[in-house]
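Beneath this line is the structure, given in structure tokens, with notes to follow.
The values are calculated or read from the model by the stated rules, or taken from the named source; none is laboratory data. All of these numbers come straight from a predicted model, not from anything done at the bench. Reconstructed Cβ throughout: ideal geometry from the backbone, glycine too, with neighbour counts over all protein chains shown.
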């Protein structure tokens, strides 16, 4: 089948939505499907266009059998609600032009956010007379409200109407977790219309040897003999990373604990300023790591942190949860106790859940684990076991492919002369 994917994030971005979308597209291409992705120039999480792509308005690439059609978007250096709206509007405009230039597909696969891609999906559905699948990575209107990025009003009501329309016009809606699925169903969407496309864990993650594989990383950054506490990935508002700085201040004189903030994002500059102002020498920032160095970091980390603001519950599920657990990283999750992350960490036994935005419970969990290597090993094994059961990409990707094929076959059946008229296509209908 021919699949056209609309996604604001794609390879070579290393964090967030991009690795998930990239893995899915490359899997489908490896299975013999024709896959085209319409996206923008890579910019995330740094919020700067990758140097290789600067100065381009349009660009076409092919990677691992996937055709990538890129269009320009305005990337703000500092985010605000208004700048995000302008950024997404510029992306939607360029993406629509790029999409129309593509060959008509059998199926449209739309990745949200941004929510505005629902407008593109509805237009193409009508023009091309095809179905679309609406894949929800982030419940954007709920997140904007619960994180205080938007207040109740006309704009938020319009976003919710658009969201409802996107769900209703899709052949089906997919999302990452059962908590997110139930949130979508609660918006008066039929239960049988909302499915799970779970995260897929790269097989190489299960091969990471904790400890020994991390020795090169420790030597490179002068971390021999240190107890390494890592937060890796996007540094944004939802992550609530101030709690790590507060915990670091409480342990500023501890001889072995060091905190690594690895990655980039909208709040990294502010975090660096606060660390410098507080003279936190036990906090270090590293850039986004890729390839072997990323795997070495996973092997070296004694504890990996997942932090979220208290208001974040089931509106998002960070993909790094699957990555960290597949690599056997013991977790401390400073998150809403009712969140999907908290549920998974508790159910799997992969780590400890502590209240969000409270440094003392976070610190207590870290220091208790510092002196309990046996428990760290048990958490590592439990996380890997859970990840293998729930996120083995050989299973999750095959299920996704099967459901997409079913949509295409159903659409073709409905469009066939037999389905429409009840007359065999071999029989000529004669007007009276």
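Hey, could you check segment 329-365 for residues that are in a loop (DSSP other than H, G, I, E, B) and surrounded by fewer than 24 Cβ atoms within 10 Å (Cβ to Cβ) and say which is modelled with the lowest pLDDT?
Residue satisfying both the conditions and the ranking: 338.
Where residues in segment 186-205 are part of a loop (DSSP other than H, G, I, E, B) and touching a strand residue (DSSP E or B) at 6+ places or on another chain (Cβ under 9 Å), which of them is nearest to residue 174 (Cα to Cα)? Step through it out loud before you land on a result.
Here is the first cut: in segment 186-205, the residues part of a loop (DSSP other than H, G, I, E, B) are 186-190, 197-200, 202.
Subsequent filtering for residues that are touching a strand residue (DSSP E or B) at 6+ places or on another chain (Cβ under 9 Å) retains 189, 197, 200.
On the way: 189: 12, 197: 6, 200: 14 Å.
It comes out as 197.
Condition first: assigned to a helix (DSSP H, G or I) and either more than 22 Å from residue 215 (Cα to Cα) or in contact with a helix residue (DSSP H, G or I) (Cβ under 7 Å, 6 or more places away or on another chain) (or both). Now tell me which residues in segment 265-292 satisfy that. Write out each step before concluding.
Narrowing segment 265-292 to residues assigned to a helix (DSSP H, G or I): 268-278, 291-292.
Those that are assigned to a helix (DSSP H, G or I) and either more than 22 Å from residue 215 (Cα to Cα) or in contact with a helix residue (DSSP H, G or I) (Cβ under 7 Å, 6 or more places away or on another chain) (or both): 268, 269, 270, 271, 272, 273, 274, 275, 276, 277, 278.
Would you check if there is a residue in segment 93-100 being touching a residue at least 12 places away in the same chain (Cβ under 8 Å), part of a loop (DSSP other than H, G, I, E, B) and either surrounded by fewer than 18 Cβ atoms within 10 Å (Cβ to Cβ) or more than 17 Å from the chain's Cα centre (by Cα) (or both)?
no
Let me spell it out: the conditions are (1) within 22 Å of residue 290 (Cβ to Cβ); (2) in contact with a helix residue (DSSP H, G or I) (Cβ under 7 Å, 6 or more places away or on another chain); (3) modelled with pLDDT under 95, and residue 13 meets all of them except one. Which number is the exception?
Every condition holds for residue 13 apart from (2).
Pick out the one residue from 341, 312, 316, 332 that is over 25 Å from residue 182 (Cβ atoms) and touching a residue at least 24 places away in the same chain (Cβ under 8 Å).
Values: 341 fails: over 25 Å from residue 182 (Cβ atoms); 312 fails: over 25 Å from residue 182 (Cβ atoms); 316 fails: over 25 Å from residue 182 (Cβ atoms).
None of the other options fit; the residue is 332.
Just wondering, is there one or more residues in segment 68-89 that are under 23 Å from residue 408 (Cβ atoms) and at pLDDT 95 or above? Spell out the reasoning first.
Taking segment 68-89 and keeping what is under 23 Å from residue 408 (Cβ atoms), we get 68-69.
Of the ones still in play, those that are also at pLDDT 95 or above are 68-69.
Checked against the condition, which is being under 23 Å from residue 408 (Cβ atoms) and at pLDDT 95 or above, segment 68-89 yields at least one hit.
Which condition from (1) modelled with pLDDT of 95 or more; (2) touching a strand residue (DSSP E or B) at 6+ places or on another chain (Cβ under 8 Å) is the one that residue 249 breaks?
Going through (1) modelled with pLDDT of 95 or more; (2) touching a strand residue (DSSP E or B) at 6+ places or on another chain (Cβ under 8 Å) one by one, residue 249 breaks only (2).
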